[in-house]
């Protein structure tokens with residue numbers, strides 16, 4: 001075993017998704033909060049089992065859409081009614097129906113761009129290095145194995161007690177994760 005001060009946490013490996021989901025629920029019930037699960041595919045209910053809350057991604061998409069709509073409308077209004085007014089056929093200078101297509105396009109564009117960049121930022125991507133990459137067995141996380149890592153920064157983390165707790169979950173694999 002390695003010293004706790006140089007470790008990122010303890011990782012337990014499981015052979016099927018139900019074991020991982022059960023382990024995450026039990027760890028959250030036991031009071032662990034700084035942990036993460038790794039799986040080759042999404043597992044329904046895993047985020048809730050880990051205690052993750054809703055993120056602000058939907059809010060970012062909404063704010064991007066509102067900013068795009070207001071910006072698009074303002075750009076057209078300013079250019080057609082203030083900066084270069086042209087009275088063609090007696091139409092009003094601020095004829096909103098002709099602004100709808102550009103306003104709609106900018107709403108979608110700004111919403112998707114801000115949502116994409118915000119999602120990357122909230123997920124801390126790109127992340128070329130993470131301590132779990134040091135575990136040799138972790139290469140199977142993208143194929144056929146499921147992992148739960150409880151971090152040493154967790155307030156409840158105590159080396160021997162956490163190790164015993166993870167052993168009680170009956171993993172096929174258990175290892176310290178080095179920084």
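Note: relative contact order over region 57-122, using C-alpha pairs below 8 Å and six or more positions apart, is 58 percent.
The antiparallel fraction among DSSP beta bridges confined to the chain stands at about 100%. Assign one of three labels to region 139-179, namely rounded, prolate or oblate, based on the Cα gyration tensor with a ≥ b ≥ c the square roots of its eigenvalues; rounded applies when a/c is under 1.5, prolate when it is not and a/b is larger than b/c, and oblate otherwise. Note, shape of region 139-179 comes out oblate. Each 5 Å bin from 0 upward holds the following percent of the Cα-Cα pairs of the chain: 1, 8, 13, 14, 13, 9, 7, 6, 5, 5, 5, 5, 4, 3, 2, 1, 0. Relative contact order for the chain using alpha-carbon pairs under 8 Å, separation at least 6, rounded to a whole percent? Once normalised by length, the contact order is 49 percent. Peptides 93-103, 54-64, 15-25, ordered by how many other C-beta atoms sit within 10 Å of their residues on average, highest first, read 15-25, 54-64, 93-103.
Where a number appears in this text, it was derived from the coordinates with a stated rule and is not lab data. If you're wondering where the values come from, they're calculated on a predicted model, not measured in any experiment. Here the Cβ is made from the backbone with ideal geometry for all residues, glycine too, and neighbour counts use every protein chain on show.
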